[in-house]
Structures are given as C-alpha cells and as structure tokens.
Amino acid sequence: HGTYNYFDPKKPKGTAAEKIRYWWKDPVHETLASITGLINGYDDLRHPDLIEWIHVAYGGDHGKGKFRFAGKVLIKTKSGKYYDDVFGLADVACKKDNSIVLDNTVMPHLMEGINEMEESTLLMVANKNEDGTDAFSLDIVKDTAVVQAPTKYYIKFVCFLAGDLAFLAIIMGKEDFSSSWCNWCDLDHNTWAKKGHVPGELWTAERILQQHTLNESNGWKDEKRKGIRRTPYSKIPFERIIFSVLHAMIGVGDLIMSHVEAYVEGEIEKKSPKEMQLRNELATKTAARDEAHDEWEQWKDSLAGGRLLDRYRRRVGYIEKTIIKRLDAIINNVDLEEVMKTNASAEKLTAIAEKTNLVDNEIPRLVEENKRVKSTWEVFDKDISVLSVKLKEYSKNRRTEEASYYTGVDRIFQDEGANRAAHFA
C-alpha cells in the first residue's frame, strides 16, 4: 500500500497534486488461496478427476471515486456443477484512472502476478486429514513437461481479462483511443462506425508490439500509429477478453432514451413558431453537413485526392531517407571511380529536384484542397452547435410549463410516490 502524488499533465503548472492512496495484494497468492478454499471446501471438488476446468478472470473498473481490481475463480465439475469465488486485489482512491496513475500505484504489481498465472500450471498435492480424507495444498509451476505422481496432480487453468472499454484500452496499450479506434481490430472510427464495413485485422499482443515498435522508430504521432501508445500490459491473449455487456447495455439504453426524448421533442411537445423555424434550420444544416462530410471522405479515399497526398508524402520520405543517403554513400566512398561518383551526383540533383517540386508545389496544393473540402462541413458543424444550444434553451424553458409532457411524467412519478427531484435515478 502507499500514497502517490498525481499531477494532472492537462492542468496548469503549479496545480496542487492529488494525493492518491492505494493498496494491492499478490494475485498469485490470492488466486491460489481462493482455489484451495473451494477445492477443500466442497466434496464435489475434492479430487482433480472430478474437475472439468478452472477459469480465473481478472478485471478492474472505476466508479465512485475509486479504481477497484478484483479476481474471480470459476470451477466446473464433470457432473456439470459450478463453484465460484470473488476476491479483491487492489483499490486506488483516485478521481479518474489512467495509465500514469495505475503505473505508479498498483498495475506493475498486479500484472506481474497475473502474467505469472497465465504462464503457469496448477500443481495440486494431496495430503491426508486426521480423519483420513484428502486435503490439497496448491502451488503453480511453469514446467509444462511435468509427470503425474500418486499424490501430485496438474491442471492447466485458463485466465481471462474483464473491465470497461477504457480500462481494456489501457491494458492493450491503447489508452485514450477507446472511442476512436476499434478495441478489437485496427479500424478507425470513420471506418468501423459505418454499417456493413469489412472487419479489420484483429489485434494480438504481438501485432500491438510490432505497431508500437514502428511508431517509436518512425516517430509517428498521427493516424499511422493506429491508436497504439505503448506495449501491452498483459500476456493473456486478447481473444480471452470478456466483453463488457453491462457497459454496452448502458450505452444502448442511453441511445434509446435519446431517441425517445428526440421523438417527444419533435412530435409531442407544443412548440412556438420561432422554435419550429430553428428546428427546420437545424435539420437542413445537419443534412448539408452530412453530405459535405461524405464528400470529404470520398476526397480522402480518391486517387487524385487523399491517396495521392499520402503517396507524395511517402515519396518525400523515401527520397530523404533512402535515395539521397544511398547516393551520398557512393559520392563519399573514396574507393569508387569518379565516373560513378559523377553519375551519383547527377542522380542526387534529380532526386532533390523531385523532392523540391513535391514539397513546394504538389503537397501544398493537395493540403489546401483538403482544407477547402474539409472546411465546408466544419462550417456547418459550427452552425449546428449554435442552433443546438438555442434549441436546448427553448426545451429547458418549456419543460417547466404546465402543459409540458415532462410535467405530466413528473405527476405520474409523484402519484407513485417517487420525487424525481430528490431521487433522480
């Protein structure tokens, strides 16, 4: 346990540190204690031959001012029964969890133990109680070439990861990209959010490590990094990540409620002519914005637009890092004939001329064209934002009126003895 002074990098210098108190437990010790308690506590688990499999899930989430990390053991018997146990592993009292906070508090300790569990096999040693019944002591071993013995048994348990998308993004080395890049594959939001898109290539720990290496060696800070910030924390394969059904249901529920509220606002509530005018204007601007955005997306994907710009940029990098370096090596090589050096010098001048043309003419032209096409829908975005604020004020003022749908809903709640002002949930 301990205390960590966290300075938020997004806040101005001199801002007081957040004092974060935390504690953690060894995942190996706690997991083994949990499995031991289950096996020695139930007759259905008293012998390894009775056990179908053992699963261990580790996960964390932030809520009510704390990041909590827990583990769960689930054992299935060959007769079809299930036994489980949940145990706490860490607690971090912080306003918000991020990799800086977790790296400096509990994550290194937790992941060391969890990764050790992932790489190990369960060793069960049979002992005799005073009444002659079996009691097992447990440990883990990494040697998979083990031999069964009369009093020793080996079971390969399976480890899983669980948590909300933000936490899993941290675990995978993709912090802050949980909403822009797909958690499971290498598609960005503009691609995976479209209906009927072709699925991308699934991430693995090995692929993320390769992408991180490319990011570091090339200094990539833009979309080329594919949302990868660091190497993965966990050695548990990503296909053993348990999808957060609860958070998905909350997201879907929020979306349904937003649609219900939009329907109420648009079709049920009585609105003034001024508000109706604003609503019609908002609908027109939104449709125009979507059309302009689609045009920009098409430009980015066109051979004469975004793809050509990317190709020119790659060509400049290739000229600088490969062609010119190769030609300089020839020119500066004292052992080569002068004619070869002369040819290399001429070729270098040609390469420099090509680079200069791209940098001074072609790339700026396409950059400006990109800005022009993009600015069209960005202007609509600003107009839509202003209209939305105005309409929100109309809606806010209308909800307190006697004839409002929302006032009627409040009366229904009050008739049932629920005061929404006091119990918003």
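The values are calculated or read from the model by the stated rules, or taken from the named source; none is laboratory data. Keep in mind that what you see is a predicted model, and the values were worked out from it rather than measured. Virtual Cβ from ideal backbone geometry, glycine too; neighbours counted across all protein chains shown. Surface areas here come from the heavy atoms of the whole protein model, side chains and all, with no ligands, DNA or RNA. Shrake-Rupley method; radii C 1.70, N 1.55, O 1.52, S 1.80 Å.
Tell me, yes or no, whether region 374-383 has at least one residue that is assigned to a helix (DSSP H, G or I), modelled with pLDDT of 85 or more, farther than 29 Å from E275 by Cβ and within 40 Å of the chain's Cα centre (by Cα).
yes
Can you tell which of T121, T77, T105 is in contact (Cβ under 8 Å) with a residue 40 or more places away in the chain and either closer than 30 Å to E18 by Cα or of a type outside the set (K, R) (or both)?
Residue meeting the stated conditions: T105.
Need the failing condition index for R315 against (1) over 26 Å from E402 (Cβ atoms); (2) without any contact (Cβ under 8 Å) to a residue 40 or more places away in the chain, just the number.
That leaves (2) as the condition not met.
Mind checking whether some residue in region 350-358 is in contact with a Phe, Trp or Tyr (Cβ under 7 Å, 6 or more places away or on another chain) and closer than 30 Å to A288 by Cα?
Looking for residues that are in contact with a Phe, Trp or Tyr (Cβ under 7 Å, 6 or more places away or on another chain) and closer than 30 Å to A288 by Cα, one finds none in region 350-358, hence no.
Hey, does region 312-322 have a residue that's within 30 Å of N183 (Cβ to Cβ), basic (K, R) and either open to solvent by 70 Å² or more (accessible area, probe 1.4 Å) or not in a helix (DSSP H, G or I) (or both)?
So far as region 312-322 goes, yes, one or more of its residues are within 30 Å of N183 (Cβ to Cβ), basic (K, R) and either open to solvent by 70 Å² or more (accessible area, probe 1.4 Å) or not in a helix (DSSP H, G or I) (or both).
With respect to H247, determine if the residue is of a type outside the set (G, A, S) and in contact with a Ser or Thr (Cβ under 8 Å, 6 or more places away or on another chain).
When the stated conditions are applied, H247 does not pass them.
Looking at T77, T3, T31, T36, can you tell me which residue is farther than 18 Å from E175 by Cβ, open to solvent by 50 Å² or more (accessible area, probe 1.4 Å) and of a type in the set (V, I, T)? Steps first, please.
Working: T77 fails: open to solvent by 50 Å² or more (accessible area, probe 1.4 Å); T31 fails: open to solvent by 50 Å² or more (accessible area, probe 1.4 Å); T36 fails: open to solvent by 50 Å² or more (accessible area, probe 1.4 Å).
When all the criteria are applied, what remains is T3.
Given the structure, is G196 open to solvent by 50 Å² or more (accessible area, probe 1.4 Å) and without any contact (Cβ under 8 Å) to a residue 12 or more places away in the chain?
yes
With V389, V339, V359, V334 as the choices, which residue is surrounded by 11 or more Cβ atoms within 10 Å (Cβ to Cβ) and among the aliphatic types (A, V, I, L, M)? Before you say what the answer is, go through the steps one by one.
On the way: V389 fails: surrounded by 11 or more Cβ atoms within 10 Å (Cβ to Cβ); V339 fails: surrounded by 11 or more Cβ atoms within 10 Å (Cβ to Cβ); V334 fails: surrounded by 11 or more Cβ atoms within 10 Å (Cβ to Cβ).
Step by step, each of V389, V339, V359, V334 is checked, and only V359 is surrounded by 11 or more Cβ atoms within 10 Å (Cβ to Cβ) and among the aliphatic types (A, V, I, L, M).
So Y405 clears everything in (1) touching a Ser or Thr at 6+ places or on another chain (Cβ under 9 Å); (2) over 30 Å from W220 (Cα atoms) except one condition, right? Which one?
Condition not satisfied by Y405: (1).
Would region 234-256 turn up any residue that is among the polar types (S, T, N, Q), open to solvent by less than 80 Å² (accessible area, probe 1.4 Å), closer than 24 Å to I100 by Cα and at pLDDT below 85?
Yes - at least one qualifying residue is present in region 234-256.
Spot the failing condition for L89; the list is (1) open to solvent by 10 Å² or more (accessible area, probe 1.4 Å); (2) modelled with pLDDT of 95 or more; (3) under 26 Å from Y154 (Cα atoms), and only one is missed.
Only one criterion is unmet by L89, namely (1).
Out of region 39-74, which residues are over 30 Å from S99 (Cβ atoms) and surrounded by fewer than 14 Cβ atoms within 10 Å (Cβ to Cβ)? Lay out the reasoning, then the answer.
Narrowing region 39-74 to residues over 30 Å from S99 (Cβ atoms): 39-54.
Of everything in region 39-74, those that are over 30 Å from S99 (Cβ atoms) and surrounded by fewer than 14 Cβ atoms within 10 Å (Cβ to Cβ) turn out to be G41, D43, D49, E52, W53.
I'd like to verify a number: residues in region 304-333 that are of a type in the set (F, W, Y) and in contact with a helix residue (DSSP H, G or I) (Cβ under 6 Å, 6 or more places away or on another chain), how many?
Adding up the residues that qualify gives 1.
Within region 92-126, how many residues turn out to be in a loop (DSSP other than H, G, I, E, B) and open to solvent by 60 Å² or more (accessible area, probe 1.4 Å)?
4
Does region 261-268 contain at least one residue that is open to solvent by less than 30 Å² (accessible area, probe 1.4 Å) and of a type outside the set (G, A, S)?
Initial filter on region 261-268 (open to solvent by less than 30 Å² (accessible area, probe 1.4 Å)): 264-265.
The next check asks that each one be of a type outside the set (G, A, S); those that pass are 264-265.
So far as region 261-268 goes, yes, one or more of its residues are open to solvent by less than 30 Å² (accessible area, probe 1.4 Å) and of a type outside the set (G, A, S).
I need the full set of residues from region 157-196 which are of a type in the set (S, T, N, Q) and assigned to a helix (DSSP H, G or I), in order please. Break it down stepwise before answering.
Initial filter on region 157-196 (of a type in the set (S, T, N, Q)): 178-180, 183, 190-191.
Scanning region 157-196 gives N190, T191.
Filter region 9-28 down to residues that are within 25 Å of L110 (Cα to Cα) and among the β-branched types (V, I, T) and give me whichever is surrounded by the most Cβ atoms within 10 Å (Cβ to Cβ).
It comes out as I20.
Take residues that are in contact with a Ser or Thr (Cβ under 9 Å, 6 or more places away or on another chain), modelled with pLDDT of 90 or more and under 18 Å from S120 (Cβ atoms) and tell me which of the strands (runs of 3 or more DSSP E) falling wholly in region 1-85 contain 1 or more.
Hits in region 1-85: 51-63, 66-77.
For K348, which of the numbered conditions (1) within 30 Å of E281 (Cβ to Cβ); (2) free of Cβ contacts under 8 Å to residues at least 60 places away in the same chain fails to hold?
Status for K348: all satisfied but (1).
(1) surrounded by 10 or more Cβ atoms within 10 Å (Cβ to Cβ); (2) within 30 Å of G317 (Cβ to Cβ); (3) modelled with pLDDT under 85: which one isn't true of R207, the others all being true?
R207 satisfies every listed condition except (3).
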